[in-house]
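Peer 1: Before we start, here is the structure in question, set down as structure tokens.
No lab work stands behind these numbers, since they all come straight from the coordinates. The shown structure was predicted, so the numbers you read here are calculated from the model rather than taken from an experiment. With ideal geometry, Cβ positions are generated from the backbone for all residues, glycine too; neighbour counts draw on all protein chains shown.
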Amino acid sequence: MFHEISDPMMARMAQLEQADARDRADGTSHQKRLRQISPQVGQFIAILAAGAPIGRYIEIGTSAGYSTMWLSLACRAIGRKIITFEILEEKVQLARETIRITGISDIVELVHGDAVEHLASYEGIAFCFLDAEKEVYQSCYELVVPRLMKGGILVADNAISHEATIQPMIEKALTDDRVDALVVPIGTGELVCRRT
């Protein structure tokens with residue numbers, strides 16, 4: 001999977017990593033920043049996604065499509081497709097460019113809209129990566145977990161860096177008998193939940 005990253009994807013990953021680093025250094029506003037995951041977290045979620053059961057693959061918060069590229073590697077390796085949601089028009093345009101440049105349009109469906117308004121119509125979720133505005137994490141958790149199939153995985157980013165904001169969701173996950181959950185100290189912290 002990681003040994004088969006195409007040159008266009010490698011170049012786009014590097015470009016987005018540089019843009020994200022520049023935004024952080026320049027103090028670009030929180031809303032406009034790409035706010036993407038680290039390469040290590042990308043590898044982590046790709047490995048988890050590749051081992052998830054057969055079912056729907058969903059990403060909540062596309063941004064410019066950096067994490068989408070990592071997830072597309074898993075989807076290509078196991079013959080799946082992924083639906084990714086982004087609410088901001090500017091980031092939708094960046095994500096469309098990423099999808100086009102890297103040749104992953106055959107396995108990625110980009111939805112311009114609020115995932116919270118769409119999630120109720122998706123059953124049999126095998127894998128979900130959540131990296132959106134932290135205020136919607138609780139709602140997304142409550143919508144995704146009942147729709148996870150047995151063995152399905154939900155990964156929520158920023159479980160350590162934004163712990164104060166998403167603490168109610170983390171506490172819910174750690175005590176929820178529908179899932180086995182833990183916080184993994186990689187990147188900004190990943191809450192990993194597996195449906196029992």
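Peer 1: Here are some residues: Val192, Val144. Which one is in a helix (DSSP H, G or I) and either crowded, with 20+ Cβ neighbours inside 10 Å or of a type in the set (A, V, I, L, M) (or both)?
Peer 2: Of Val192, Val144, the one residue that is in a helix (DSSP H, G or I) and either crowded, with 20+ Cβ neighbours inside 10 Å or of a type in the set (A, V, I, L, M) (or both) is Val144.
Peer 1: Between a residue in region 105-131 that is without any contact (Cβ under 8 Å) to a residue 40 or more places away in the chain and any residue that is in a strand (DSSP E or B) and of a type in the set (A, V, I, L, M, F, W, C), which pairs come within a Cβ distance under 6 Å, given they are 6 or more apart or on different chains?
Peer 2: Glu109/Ile83; Val111/Phe85
Peer 1: For region 58-68, check the following and say yes or no: at least one residue is small (Gly, Ala, Ser) and without any contact (Cβ under 8 Å) to a residue 12 or more places away in the chain. Can you show your working first?
Peer 2: Initial filter on region 58-68 (small (Gly, Ala, Ser)): 61, 63-65, 67.
The next check asks that each one be without any contact (Cβ under 8 Å) to a residue 12 or more places away in the chain; those that pass are none.
The answer is no, given that none of the residues of region 58-68 is small (Gly, Ala, Ser) and without any contact (Cβ under 8 Å) to a residue 12 or more places away in the chain.
Peer 1: Moving to a separate point now. Return yes or no: is Ala126 closer than 22 Å to Met9 by Cα, surrounded by 16 or more Cβ atoms within 10 Å (Cβ to Cβ), within 16 Å of the chain's Cα centre (by Cα) and not β-branched (Val, Ile, Thr)? Reasoning before the result, please.
Peer 2: Values: closer than 22 Å to Met9 by Cα: no; surrounded by 16 or more Cβ atoms within 10 Å (Cβ to Cβ): yes; within 16 Å of the chain's Cα centre (by Cα): yes; not β-branched (Val, Ile, Thr): yes.
Against the criterion (closer than 22 Å to Met9 by Cα, surrounded by 16 or more Cβ atoms within 10 Å (Cβ to Cβ), within 16 Å of the chain's Cα centre (by Cα) and not β-branched (Val, Ile, Thr)), Ala126 does not qualify.
Peer 1: From Ala164, Ala173, Ala181, which residue is of a type in the set (Gly, Ala, Ser), part of a strand (DSSP E or B) and over 13 Å from the mean Cα position of the chain (by Cα)?
Peer 2: The match here is Ala181.
Peer 1: Among helices (runs of 4 or more DSSP H) lying entirely in region 1-108, which contain 2 or more residues that are under 26 Å from Leu148 (Cβ atoms)?
Peer 2: 39-50, 66-78, 89-102
Peer 1: Restricting attention to region 81-110, and to residues there that are β-branched (Val, Ile, Thr) and within 13 Å of Tyr57 (Cα to Cα), which single residue is nearest to the chain's Cα centre (by Cα)?
Peer 2: That would be Thr84.
Peer 1: When you go through Ala115, Ala132, Ala126, Ala156 one by one, which is the residue that is in contact with a Pro (Cβ under 6 Å, 6 or more places away or on another chain), among the small types (Gly, Ala, Ser) and within 15 Å of Ile60 (Cα to Cα)?
Peer 2: Only one candidate qualifies: Ala126.
Peer 1: Moving on. Within region 147-175, which residues are surrounded by fewer than 23 Cβ atoms within 10 Å (Cβ to Cβ) and charged (D, E, K, R)?
Peer 2: Arg147, Lys150, Glu163, Glu171, Lys172
Peer 1: I'd like to check something: does region 111-124 contain any residue that is of a type outside the set (Gly, Ala, Ser) and in a strand (DSSP E or B)? Let's see the steps before the verdict.
Peer 2: Taking region 111-124 as the starting set, the residues that turn out to be of a type outside the set (Gly, Ala, Ser) are 111-112, 114, 116-119, 122-123.
Applying the additional criterion that residues be in a strand (DSSP E or B) yields 111-112.
Within region 111-124 (the criterion being of a type outside the set (Gly, Ala, Ser) and in a strand (DSSP E or B)), the answer is yes, since at least one residue qualifies.
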